[in-house]
Amino acid sequence: MKILSVNSPESISTVLEDCASMLAIPGTVLLLPTETVYGFMCRWDDQKARSRIFNMKRRSPDKPFQMLASSISQAKEEGLLFEGVGGKIAEKFFPGAMT
């Protein structure tokens, strides 16, 4: 286990680089704080890590994960479909928070 913390604005880039390096290792799961909760994070395309999260949370495979994507095209590349009202909402709010 490795604990990273942002102690200054200058340390943000170092922490981001460390996280990116760790996520390049298959099966890696990160725990990160958000505004309200701590969340597990892994690469979307890392099935081993996604399985680990399902097991750690004792989560049913029927319950999908939230995906963080920088654009509609990135989300589509990963297999998400934007149709009808969902597509219109995505076009209006991307990039930005949308679940």
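The values are calculated or read from the model by the stated rules, or taken from the named source; none is laboratory data. What you are looking at is a predicted structure, and each value in this text was computed from that prediction instead of being measured. When we count neighbours, we look across all protein chains shown, and the Cβ atoms used for this are built from the backbone with ideal geometry, even at glycine. We work out accessible area using only protein heavy atoms, side chains counted, and drop any ligands, DNA or RNA first. Shrake-Rupley method; radii C 1.70, N 1.55, O 1.52, S 1.80 Å.
Calculate for the chain the 222 nm mean residue ellipticity that helices alone would give, adding -39,500 (n - 2.57) per DSSP H run of length 4 or more and normalising by residue count, nearest 500 deg cm²/dmol. Walk me through the intermediate numbers first.
On the way: 4 runs with 40 residues, N = 99.
Helix contribution divided over all residues of the chain: -12000 deg cm²/dmol.
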| For the chain, which longest stretch is free of loop sites, where a loop site is one of the chymotrypsin sites (Phe, Trp or Tyr not before Pro) that DSSP puts outside H, G, I, E and B and that has at most 15 other Cβ atoms within 10 Å? | 1-64
| task | With the full set of protein chains in place, find how many percent of the accessible area of segment 42-93 is carbon and sulfur; take the probe as 1.4 Å. | result | 50
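What's the longest bit of the chain with no exposed trypsin sites (Lys or Arg not before Pro), using DSSP loop states and at most 10 other Cβ atoms within 10 Å as the test?
Longest gap between qualifying sites, sites excluded: 3-57.
Could you provide, to the nearest whole Å², the per residue accessible area of the chain with probe 1.4 Å?
Accessible area per residue: 80 Å².
How big is the C-alpha Rg of the chain next to the rule-of-thumb value 2.2 N^0.38 Å, as a ratio?
Against the compact-globule rule of thumb, the ratio is 1.21.
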| Where labels lie 7 Å past Cα in the beta-carbon direction, separation of Leu68 and Tyr38 in nm | 1.6
| task | Whenever you get a sec, line up Met56, Met41 from highest to lowest accessible area (probe 1.4 Å, protein heavy atoms). | result | Met56, Met41
| field | Rounded to the nearest 20 debye, dipole of segment 1-82 from Cβ charges on Lys, Arg, Asp, Glu | value | 500
| field | Distance violations [Cα-Cα > 31 Å] among Lys2/Lys57; Lys48/Lys92; Lys63/Lys88; Lys57/Lys88; Lys2/Lys48; Lys2/Lys92 | value | Lys48/Lys92; Lys57/Lys88; Lys2/Lys92
| ³J(HN,Hα) across segment 29-38 via Karplus (A = 6.51, B = -1.76, C = 1.60, θ = phi - 60°), whole Hz, x for Gly/Pro? | 10, 9, 10, 9, x, 10, 4, 10, 9, 9
| field | Phi to ³J(HN,Hα) by Karplus 6.51 cos²θ - 1.76 cosθ + 1.60 over segment 60-70, Hz, x for Gly, Pro | value | 5, x, 6, 9, x, 8, 7, 10, 9, 9, 8
